[in-house]
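Scroll down for the structure; my scribbles are underneath it.
Any read-out appearing in this document is the output of simple, stated calculations on the displayed coordinates, not a laboratory observation. Computed from a predicted structure; not experimentally measured. Neighbour counts run over all protein chains shown; Cβ positions are idealised from the backbone, glycine included.
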Amino acid sequence: MFYFPTALVALAGVLLDRLLGEPRRWHPLVGFGRLAETMERAMRRGAPGHPVGNRLRGLAAWALLVVPFVALAVWLAHPVPDALLLWFALGGRSLGEHARAVAAPLAAGDLAAARERVGMIVSRDTTQLDETGVATAAVESVLENGNDAVFGALFWFFLFGGAGALLFRLANTLDAMWGYRDDRRRYFGWAAARIDDLLNFVPARLTALTYALLGATRNALACWRTQAALWGSPNAGPVMAAGAGALGVTLGGPAIYHGQAEERAILGAGEAATGADIARAVALVERGQWLWLIAFVVWSFASA
């Protein structure tokens, strides 16, 4: 049941993220990532290995890593640990910092530094990108990670408190580590990728709607309707298409991933992204975060 103190806990978690950001040292996800690496070495058999056996092993590994922590969060349920868990799950301030670290050298004409910075937040090859390519990659990262680092965590917190936010963040981390379709993780990472898709299905569409409401609404909705299915990811498609339409820019196009050229769909409508659009994308995410909090407070009062 929604009640006002829960809204205050959500606000506390968001403010902690805004004031402190992610821990610079001793980040819990670093330790969790090491556990995940150890678990993969212990559980995976072959590369890619047996298509059924490694899928089952990947599912078991996911459960062994996630369920105990989420169960502990349920047991500890209280406003203070819940606010801390939401802070842990959010990455809004970090998202803005990384984006501005790309925009600043790009605005100063230092393309080499901008390429290096954007390479820290995207998985594509950035060494040959021109200014448009750097700006496009940064805007895409901000829009997509707006869902992963902000709205998805808030959605699951609103439903299940700190345990929900923790579930989302750990599942998202395992997808980032195991959810690739390379030989090593094609089968072992299947469960992590599918669970992340499931957890993101509703938040991604609410994120897309948020972008549309706070930007060029008709354009965003049209892009979402006609372009989302062209993108490789069922959840990133609506987010990216609506976000590009809301900003009035075009994203997508060719990119190089792990040495392989990919021809991606064109999303959005308007001119190609520029350095100035990076700040606009960050502002869109930040306005959306406050809109969600206001909506949650109103809903909490209405259902109290």
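Points to keep in mind about this one:
- For region 16-140, the fraction of alpha-carbon pairs in successive 5 Å shells from zero, as %: 2, 9, 13, 12, 13, 14, 14, 13, 7, 3, 0
- Packing rank of 33-43, 194-204, where each peptide gets the mean count of other beta carbons within 10 Å, highest leading: 194-204, 33-43
- Adding -39500 (n - 2.57) for every DSSP H run of four residues or longer, then dividing by how many residues the chain holds, sets the calculated 222 nm ellipticity at -23500 deg cm²/dmol.
- Relative protection proxy for 211-223, 283-295, from highest mean packing down: 211-223, 283-295 (other beta-carbon atoms within 10 angstrom).
- Tensor-based shape of region 4-303 (alpha-carbon gyration tensor, a/c under 1.5 rounded, otherwise prolate or oblate): oblate
- Relative contact order of region 4-303, defined on C-alpha pairs under 8 angstrom at six or more residues apart (%): 21 percent
- Region 214-279 versus region 71-144: alpha-carbon centroid distance in Å: 17 Å
- Candidates Phe188, Phe69, Phe157: whichever shows maximal mean-square fluctuation once the chain is modelled as a Gaussian network with Cα springs under 10 Å: Phe69
- Counted charge near Ala176, where neighbours are those whose Cβ lies closer than 10 Å (Asp, Glu -1; Lys, Arg +1): -3
- Sequence ranges 160-167, 275-282, 242-249, 128-135, ranked by mean other-Cβ count within 10 angstrom, highest first: 242-249, 160-167, 275-282, 128-135
- 12 Å beta-carbon shell around Val102, net charge (K/R +1, D/E -1): -3
- Pairwise Cα inverse-distance average, inverted: Kirkwood Rh of region 99-175 (Å): 13.6 Å
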